[in-house]
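Below is one structure, written out as structure tokens; the observations come after it.
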Amino acid sequence: MDIDYTPTKTCSEFMSCDAKMRVLMGPVGSGKSVSSCFEVIRRASQQKVNAQGIRKSRVAIVRETARQLQDTTIKTFLDWFPPGVCGRFMRTTKTFLFKVGEVECEIMFRALDDADDVANLNSLELTFAWFNECRDIHPDIIDAMSKRIGRFPSAKDGGPSWFGMWGDTNPPTMDTWWYYQMEGLDSKDGVSPNDNGWEVFKQPSGRSPHAENIENLPDGYYNTQGRSDEYVRVYVDGEYGLSSAGQPVYKYFRPDYHIAGQTLRPIINGVRPIIVGMDLGLTPAAVIGQQDPRGRTLILDEAVSFDMGIQRFVRTVLKPLIFERFTGAPIMVICDPAGIQRAQTDERSAVDIIKAEGLRVMPARTNSVSARLSSVDDYLMRQVDGDAAFLLDPKCTWLKAAMMGGYRFHKKTGNIEKNKLSHVAEALQYLMLHIHYSSDAAYTLQTRPVKRVAATGWT
């Protein structure tokens with residue numbers, strides 16, 4: 001059997017990974033399903049030879065509905081591995097007995113659409129599994145399947161030489177179980193790291209110069225004319241869909257573009273300042289950033305609290321963080337303009353309290369919501385020498401969650417929701433206001449020429 005197939009760059013990286021749980025995510029038409037078809041046969045071909053000289057395996061290929069399974073998944077697989085050439089397909093049971101040379105693989109196509117189908121998996125003994133368009137598969141199905149893989153061949157027959165499960169998918173929306181899994185976040189709070197074991201491979205936008213599988217698509221395949229913004233976001237650009245709870249405030253934020261690939265290090269030279277944006281109240285939050293010599297804004301760290309006054313927050317959270325990471329750099333705290341108002345209890349303002357803790361502080365230039373949002377958007381839409389003008393350290397999990405849709409407009413009222421992520425989002429705004437509008441010569445940061453880029457379509 002001679003089949004000509006060359007995987008795309010991302011698909012090749014996906015297929016080369018031996019992680020037990022993987023996801024291949026990208027826009028429509030990017031070759032995900034075909035890659036997974038070949039991954040089935042590749043993994044089957046790599047099983048060790050048994051006593052009879054046969055490489056045996058058993059796989060479940062899962063789609064949400066029977067119609068989707070028949071019209072897309074099975075059709076794609078049989079187009080590449082036709083019955084009669086590569087084995088025998090039994091339509092009544094939707095089972096393909098793949099047999100080429102010493103490789104024998106029982107391929108079971110199954111439609112599993114909700115938690116009630118878990119019982120259908122209880123007796124299966126599988127080597128591995130593939131979830132086609134996995135964002136549609138219920139988490140209980142995923143959990144149940146994880147207990148059925150690695151059970152064929154049996155231990156007495158030598159066991160499998162590799163087992164695991166993977167999914168391919170268009171991006172899920174940002175309020176789903178799959179989103180939290182793929183971003184490595186705990187679905188209970190949406191921000192805590194969750195080392196769930198999934199390795200995620202993200203393909204570039206269909207409009208990117210690095211778009212994959214273009215040579216196999218018709219001219220103009222990714223033409224966005226007449227398409228909704230949400231369709232383009234998910235199916236063309238391969239970005240997570242918007243939360244059904246409301247539109248994200250930072251619609252220009254692109255995680256693959258704006259989140260740094262490694263920890264960002266501050267510049268400690270005694271000259272270049274560290275700027276701390278701070279939101280006040282009983283849930284104070286701080287975002288710590290700095291502009292580098294190129295004019296990029298680097299978001300270096302964050303501090304979040306709940307049910308904590310300003311003084312305790314500064315003493316026990318903010319100052320220890322500053323002294324640990326930023327000793328030697330000038331520090332400027334930019335706070336909510338409401339911080340100049342004195343409290344009735346001790347007649348001290350929040351600004352007075354912060355000053356008393358030994359930090360230089362000044363209120364933000366304005367509390368205009370539009371100005372605050374524009375100061376962030378302006379940097380999200382800029383490039384400096386071809387690079388993002390705004391970079392977020394990956395450990396800033398609260399701010400990351402806010403930027404990716406947790407900080408959002410209410411679906412019905414259109415107002416920005418006040419939730420657990422709004423405080424850190426507003427702290428960022430005060431920081432960016434200072435960087436964007438500062439005229440203080442001591443804190444004016446030299447920048448190189450920047451270029452505004454398109455709001456969408458970059459990767």
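Remarks
- Against the conditions (1) outside any loop (DSSP other than H, G, I, E, B); (2) modelled with pLDDT of 95 or more; (3) under 30 Å from LEU24 (Cα atoms); (4) not hydrophobic (A, V, I, L, M, F, W, C), GLY289 satisfies every one except (3).
- Tally, over segment 230-260, of residues that are at pLDDT 85 or above, part of a helix (DSSP H, G or I) and charged (D, E, K, R): 2
- Any hit, segment 69-80, residues being among the β-branched types (Val, Ile, Thr), closer than 20 Å to PHE152 by Cβ and modelled with pLDDT of 95 or more: no
- Meets criteria (surrounded by 21 or more Cβ atoms within 10 Å (Cβ to Cβ) and either outside the structural domain of GLY164 (by TED's automatic domain parsing) or not basic (Lys, Arg) (or both)) for SER16: no
- The condition of being over 29 Å from the mean Cα position of the chain (by Cα) and hydrophobic (A, V, I, L, M, F, W, C) holds for only one of ILE61, ILE54, that being ILE54.
- Every residue from segment 149-160 that is surrounded by fewer than 22 Cβ atoms within 10 Å (Cβ to Cβ), at pLDDT 95 or above and either outside the structural domain of MET25 (by TED's automatic domain parsing) or not hydrophobic (A, V, I, L, M, F, W, C) (or both): GLY150, ARG151, PRO153
- Scanning segment 155-188 for residues that are of a type in the set (D, E, K, R) and touching a residue at least 12 places away in the same chain (Cβ under 8 Å) yields ASP157, ASP168, ASP175, GLU183.
- Scanning segment 48-66 for residues being part of a loop (DSSP other than H, G, I, E, B), surrounded by 13 or more Cβ atoms within 10 Å (Cβ to Cβ) and charged (D, E, K, R) gives a total of 1.
- Residue within segment 96-110 that is closer than 25 Å to PRO172 by Cα and touching a residue at least 12 places away in the same chain (Cβ under 8 Å) present: yes
- Of the strands (runs of 3 or more DSSP E) lying entirely inside segment 334-438, the ones with 1 or more residues being hydrophobic (A, V, I, L, M, F, W, C) and under 14 Å from LEU298 (Cα atoms) are found at 382-384, 390-392.
- Complete set of residues in segment 71-92 that are touching a residue at least 12 places away in the same chain (Cβ under 8 Å) and either of a type in the set (A, V, I, L, M, F, W, C) or not in a strand (DSSP E or B) (or both): THR72, THR73, ILE74, THR76, PHE77, LEU78, TRP80, PHE81, PRO83, VAL85, CYS86
- Restricting ASP175, ASP189 to residues that are assigned by TED's automatic domain parsing to the domain that holds PHE14, under 15 Å from the mean Cα position of the chain (by Cα), acidic (Asp, Glu) and assigned to a loop (DSSP other than H, G, I, E, B) narrows the list to ASP175.
- Any hit, segment 137-148, residues being over 28 Å from VAL28 (Cβ atoms), more than 22 Å from the chain's Cα centre (by Cα) and touching a residue at least 60 places away in the same chain (Cβ under 8 Å): yes
- Looking only at residues of segment 292-333 that are of a type in the set (Ser, Thr, Tyr) and not in a loop (DSSP other than H, G, I, E, B), we find that the one that is surrounded by the fewest Cβ atoms within 10 Å (Cβ to Cβ) is THR316.
- Residues (acidic (Asp, Glu), at pLDDT 85 or above and either within 31 Å of the chain's Cα centre (by Cα) or not in a strand (DSSP E or B) (or both)) located in segment 96-125: GLU102, GLU125
- Some residue of segment 17-29 being assigned to a strand (DSSP E or B), under 30 Å from PRO255 (Cβ atoms) and charged (D, E, K, R): yes
Results for (1) under 23 Å from LEU392 (Cα atoms); (2) buried (at least 21 other Cβ atoms within 10 Å of the Cβ); (3) touching a residue at least 24 places away in the same chain (Cβ under 8 Å), shown as yes or no for each residue.
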site	(1), (2), (3)
LYS202	yes, no, yes
GLU212	no, yes, yes
GLU215	no, no, no
ASP219	no, no, no
GLU230	no, no, no
THR263	yes, no, yes
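- Test: residue in segment 104-120 that is over 19 Å from LYS147 (Cα atoms) and surrounded by 12 or more Cβ atoms within 10 Å (Cβ to Cβ): yes
- Check on PHE89, among the aromatic types (Phe, Trp, Tyr), surrounded by 14 or more Cβ atoms within 10 Å (Cβ to Cβ), over 25 Å from PRO218 (Cα atoms) and at pLDDT 95 or above: yes
The values are calculated or read from the model by the stated rules, or taken from the named source; none is laboratory data. Small disclaimer: the values here were computed from a predicted structure and weren't measured. Cβ sites come from the backbone with ideal geometry, for glycine too, and all protein chains shown count toward neighbours.
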